[in-house]
Each structure stands twice: as structure tokens, then as C-alpha cells.
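Report on one structure; see the data block that follows.
The values are calculated or read from the model by the stated rules, or taken from the named source; none is laboratory data. All figures in this text were calculated on a predicted structure; none of them were measured in a lab. Every residue, glycine among them, receives a Cβ derived from its backbone with ideal geometry; neighbour counts consider all protein chains shown. Ligands, DNA and RNA are excluded from the accessible area calculation, which covers all protein heavy atoms including side chains. Shrake-Rupley method; radii C 1.70, N 1.55, O 1.52, S 1.80 Å.
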Amino acid sequence: GDNLVKTVNYLFGQNKDNIRFLEIGCGCGNQLLLAALLGADVVGCDIRQDVCDLIYKRKDFYEKISGRKLNITLVCGNVFKVDWEKFGKFDAINYLFSFNLSPKGKNIDLISNLLRPGGRTVIQEYNASNYYNRISRSLDALKPSEVMKMLKVRNFKISSLKGGYALPPFFWRFLPKNLLAPIEEILCSSLFLSLSYHLMAEK
């Protein structure tokens with residue numbers, strides 16, 4: 001929840017009106033729908049037709065209960081085979097555990113090409129630097145420090161890079177937040193200890 005608040009505040013921070021928002025690997029569309037409910041012109045891309053169909057159903061549902069039209073366009077297919085020129089530039093690009101699904105570095109080029117000057121991106125992803133992920137997952141993925149360096153080479157300003165979460169959801173279900181929150185904050189200050197990372201950057 002804390003990372004969601006940071007993501008929304010950052011992506012909507014400079015341009016809250018008429019923001020053009022792209023989510024790559026949008027899945028079932030939670031953050032996509034939230035961005036649309038906040039007034040953004042939203043484009044979502046996912047390779048799975050079933051989740052795209054589900055988002056359209058969810059869109060209809062939220063339009064009925066909110067009483068207004070949501071501006072959502074879905075692109076169902078391989079993000080690297082889409083003719084993005086017809087969509088123009090975006091103010092915000094969001095990745096929620098979908099950045100590592102493509103070959104190393106290709107998403108960096110995509111972000112650089114699709115963001116307008118001053119546009120912002122947020123990447124939340126499994127952390128290939130984390131000790132547990134190294135053992136339990138076969139991650140052929142860029143480390144967060146490598147992602148940061150590649151963005152800097154393309155003249156991005158790194159606004160923040162820190163751990164996304166460290167304690168598994170199981171702990172939060174059964175133990176009080178006031179006990180876990182300071183532990184989580186300490187662990188997330190180290191990319192070695194964090195299971196995921198949360199990176200925010202501006203073009």
C-alpha cells in the first residue's frame with residue numbers, strides 16, 4: 001500500500017490534469033483502473049487476451065458505480081511489436097512486476113522512446129540483487145543498480161531507488177503493522193535484503 005501511494009503521487013505529481021498514463025504488463029488492471037479513476041488518459045498493454053477481457057469488464061463495472069466514463073485503451077499483444085507512434089508520447093509509464101518479463105534492456109529503450117521530456121516512470125520488480133531471490137528464483141534479470149545506470153546513460157534523473165518490500169505478506173496478515181512497519185523500513189533501505197525494488201525516474 002505504501003508503494004502504491006508513492007507511485008501515484010510521483011506519476012501524478014507534476015501533471016495531475018490530462019495525464020497520459022501507460023502501464024506495460026497491466027495484468028488484471030488494478031493500478032490501470034485507479035489511474036483512470038483519478039482522471040488519466042490510460043493505455044494498458046498485456047500479452048494475455050483473458051486479462052484484457054477482464055479489464056474491459058472491470059471498466060464497465062467501475063463506470064457504473066462511479067457514474068462516469070473511464071478513458072481506457074487496451075493493447076493486447078507483445079509490447080515490442082506494437083506501433084507506438086500512433087499513440088504519441090506519455091507523461092507516465094508504470095511497471096508492476098512486468099519489467100523482467102522481457103529481454104534485458106529492451107524496456108529501458110521503450111521507456112526512453114515513449115516518455116515525453118519531463119515524463120516519469122516507476123518500476124516495481126523482483127530484486128535480482130536480493131540474497132533470497134538469488135537462491136530461490138532463476139532470475140535472468142537486470143539488477144536494480146544496472147537499471148539505474150542504464151537510465152542515467154539516457155539522461156534520466158533518478159528520483160528514488162530503494163527496496164519495495166522485504167517481509168512476505170504472511171507476516172502482515174497476522175502481526176500488527178506498528179510492529180512490522182519499522183522493521184520493513186530498515187530492511188528496505190538495503191537492496192540486498194529487499195525482495196523487490198521500487199525505482200522512480202524522470203526523463
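Counting only DSSP beta bridges whose two residues both lie in the range 92-203, roughly 70 percent are antiparallel.
First measure r as the distance between the Cβ atoms of VAL82 and VAL5, then evaluate 1/(1 + (r/R0)^6) with R0 = 30 Å and state the FRET efficiency to the nearest 0.05. Efficiency at R0 = 30 Å is approximately 0.50. Residues whose amide H falls under 5 Å from that of LEU115, counting only those 5 or more places apart or on a different chain, are PHE90, with hydrogens built in the peptide plane. Each of LYS64 and LYS149 was given a label point 7 Å from its Cα along the Cα-to-Cβ line. The distance between the two points is 5.2 nm.
A crude spin-label estimate for the pair ILE186 and PHE97, with each label 7 Å from Cα along the Cβ direction, gives 2.6 nm. Bridging of LYS69 to lysines at a Cα separation below 16 Å is possible for LYS57, LYS59, once same-chain residues fewer than 8 apart are set aside.
Seen through its C-alpha gyration tensor, with square-root eigenvalues sorted a ≥ b ≥ c, the range 1-127 comes out rounded because a/c lies under 1.5.
Taken over the range 90-203, the percentage of Cα pairs per 5 Å bin, counting from 0 up to the bin with the maximum distance, is 2, 12, 21, 22, 17, 12, 8, 4, 1.
Model label points for LEU175 and LEU193, set 7 angstrom from Cα along the Cα-to-Cβ axis, are 1.2 nm apart.
Across the range 1-134, the mean sequence separation of Cα contacts (distance under 8 Å, 6 or more residues apart), normalised by length, yields a relative contact order of 26 percent.
Anything in the chain that counts as a DSSP H helix reaching 24 Å or more along its axis (C-alpha) with Kyte-Doolittle mean of at least -1.0? List them, would you? Helices passing the filter in the chain: 49-66. Taking the average, over residues, of other Cβ atoms within 10 Å as the packing measure, peptides 41-50, 180-189, 118-127 rank 118-127, 41-50, 180-189 from highest down. Only helices enter this figure: runs of n ≥ 4 DSSP H residues, each worth -39500 (n - 2.57), summed and divided by the residues of the chain, yield -12000 deg cm²/dmol at 222 nm to the nearest 500. With all protein chains in place and a 1.4 Å probe, the accessible surface of the range 74-203 carries 57 percent carbon and sulfur.
When the chain is treated as a Gaussian network with alpha carbon springs shorter than 10 Å, the biggest mean-square fluctuation among GLU85, GLU23, GLU146 belongs to GLU85.
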